[in-house]
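The values are calculated or read from the model by the stated rules, or taken from the named source; none is laboratory data. Every value quoted in this text rests on a predicted model; they were computed, and no experiment measured them. Every residue, glycine among them, receives a Cβ derived from its backbone with ideal geometry; neighbour counts consider all protein chains shown. Side chains are part of the model used for accessible areas, which takes the heavy atoms of the whole protein and leaves out ligands, DNA and RNA. Shrake-Rupley method; radii C 1.70, N 1.55, O 1.52, S 1.80 Å.
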Amino acid sequence: MSRVKKAILLPALFLIIVSLVLSGCGQSQGSLVSGKINVVASFYPLYDFTKKIGGDHVNAINLVPTGVEPHDWSPKGRDIQNITKAEMFVYLGAGLEGWVDHTLSSLPKDSKLTVLEASKGLELLESTEDDGHDHEHKADQKDDKNKAKAQDEHHLDPHVWLSPVNAKKMAAAIKDQLIQIDAAHKSDYEANYAKFAGQLDDLNGKFKQKLSSLPKKEIVVTHQSFGYLAKEYGLKQMPIMGLSPDAEPTAQDLKDINAFIRDNNVKYIFFEELVSDKLAKTLAKDAKVDTLVLNPIEGLTEEQVKAGADYITLMESNLNNLIKALQ
């Protein structure tokens with residue numbers, strides 16, 4: 001090949017590759033599959049539950065890409081297309097996905113999409129502080145009903161899945177909805193659910209047994225996402241930030257946290273993998289304590305995907321780190 005042709009083709013090839021890579025950035029994991037029940041989940045835990053219960057009959061799509069924190073994520077064009085053409089859409093609710101109401105209201109009127117709000121019917125906790133996060137979708141401002149709903153949800157803690165008891169209830173709701181859509185495979189969905197429910201019961205038992213015998217109950221966490229886990233197992237969380245991982249602590253907050261660490265002989269500050277650990281490590285250094293991961297399981301890292309991690313294994317890792325911190 002001549003130098004002239006190379007000079008023309010190589011830059012063109014580079015641009016094509018970059019275009020393909022960029023077009024996939026920020027997009028959902030998976031695409032629609034013919035011949036299966038396509039279920040779009042708004043973020044990782046619901047995707048994991050759906051995949052386990054649906055088995056071979058379901059094609060589960062996780063909207064939030066690997067390594068992305070879901071609080072401020074919003075769907076792109078292909079994501080909306082997947083939701084529109086799927087048989088089922090499952091989202092958490094409780095104010096986590098500020099984009100949902102606008103997205104669903106924009107679907108065609110003849111849409112046959114089945115929608116499941118997974119947190120519906122659960123006992124939701126209120127946030128103890130403003131999370132610094134606008135849960136209203138901008139396009140909902142003119143819709144009084146959606147605006148009122150967003151305001152009601154603004155002070156709710158949406159992290160219900162971090163209680164295995166709640167996770168089991170959400171899994172049951174997913175199972176029931178799949179049976180309504182695809183009654184022909186009812187027995188398979190029930191069997192898959194029974195297996196997963198058993199794993200969640202075992203997980204709950206481990207948390208109860210291990211944590212109840214430990215002398216300490218106080219934990220310091222990056223952001224206020226462990227309220228349901230703390231309530232379930234008698235722990236007390238002290239968050240550095242509010243519900244939103246982008247919120248910033250005040251000088252008084254930092255003073256209070258240092259006092260909490262000192263008064264309760266806290267040895268570790270917990271941080272998350274999908275948000276910066278800089279503040280947690282700085283505070284830990286100042287307080288002369290160490291850091292550990294406590295995963296809110298809002299999504300997986302690339303390394304966790306490659307390792308085959310899932311809700312159960314990540315919760316077991318959380319338990320191990322809690323035991324280490326509370327001994």
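Tell me, which residue of region 156-199 that is part of a helix (DSSP H, G or I), among the charged types (D, E, K, R) and in contact with an Asp or Glu (Cβ under 9 Å, 6 or more places away or on another chain) is nearest to GLY234 (Cα to Cα)? Step through it out loud before you land on a result.
Within region 156-199, the first condition is being part of a helix (DSSP H, G or I), and the residues that meet it are 160-162, 164-181, 183-199.
Checking which are among the charged types (D, E, K, R) leaves us with 168-169, 175-176, 186, 188, 190, 195.
Subset that is in contact with an Asp or Glu (Cβ under 9 Å, 6 or more places away or on another chain): 168, 175, 188.
Working: LYS168: 19, LYS175: 30, ASP188: 36 Å.
Step by step, filter region 156-199, then rank; the result is LYS168.
Looking only at residues that are of a type in the set (A, V, I, L, M) and crowded, with 19+ Cβ neighbours inside 10 Å in region 198-224, which one is farthest from ASP263 (Cα to Cα)? Please lay out each step first, then the result.
Step one: list which residues in region 198-224 are of a type in the set (A, V, I, L, M), which gives 200, 203, 211, 214, 219-221.
Narrowing further to those that are crowded, with 19+ Cβ neighbours inside 10 Å: 200, 203, 211, 219-221.
Values: LEU200: 34, LEU203: 31, LEU211: 20, ILE219: 12, VAL220: 12, VAL221: 16 Å.
Per the criteria, the residue is LEU200.
Every listed requirement among (1) at pLDDT below 95; (2) outside any loop (DSSP other than H, G, I, E, B) is met by ILE261 save one, (1).
Applying the criterion of being open to solvent by 20 Å² or more (accessible area, probe 1.4 Å) and out of contact with any strand residue (DSSP E or B) (no Cβ under 8 Å at 6 or more places or on another chain) to the residues of region 314-327, the residue that is modelled with the lowest pLDDT is GLN327.
Each row is one residue, and each column tells you yes or no for (1) in contact with a helix residue (DSSP H, G or I) (Cβ under 9 Å, 6 or more places away or on another chain); (2) modelled with pLDDT of 95 or more; (3) within 16 Å of ALA41 (Cα to Cα); (4) hydroxyl-bearing (Ser, Thr, Tyr).
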residue	(1), (2), (3), (4)
LEU107	yes, no, no, no
SER111	yes, no, no, yes
SER127	yes, no, no, yes
HIS135	yes, no, no, no
LYS175	yes, yes, yes, no
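Out of (1) closer than 13 Å to VAL220 by Cα; (2) open to solvent by less than 80 Å² (accessible area, probe 1.4 Å); (3) touching a residue at least 24 places away in the same chain (Cβ under 8 Å), what's the single condition that is false for ARG262? All conditions pass for ARG262, except number (2). Here is the figure for region 89-103: residues that are open to solvent by less than 20 Å² (accessible area, probe 1.4 Å), assigned to a helix (DSSP H, G or I) and under 23 Å from SER127 (Cβ atoms) total 1.
Scanning region 277-327 for residues that are basic (Lys, Arg) and part of a helix (DSSP H, G or I) gives LYS278, LYS281, LYS285, LYS306, LYS324. The sole residue among TYR233, TYR268, TYR228, TYR311 that is of a type outside the set (A, V, I, L, M), buried (at least 17 other Cβ atoms within 10 Å of the Cβ) and touching a strand residue (DSSP E or B) at 6+ places or on another chain (Cβ under 6 Å) is TYR268. Scanning region 29-54 for residues that are basic (Lys, Arg) and touching a residue at least 12 places away in the same chain (Cβ under 8 Å), we see that the one that is surrounded by the fewest Cβ atoms within 10 Å (Cβ to Cβ) is LYS36.
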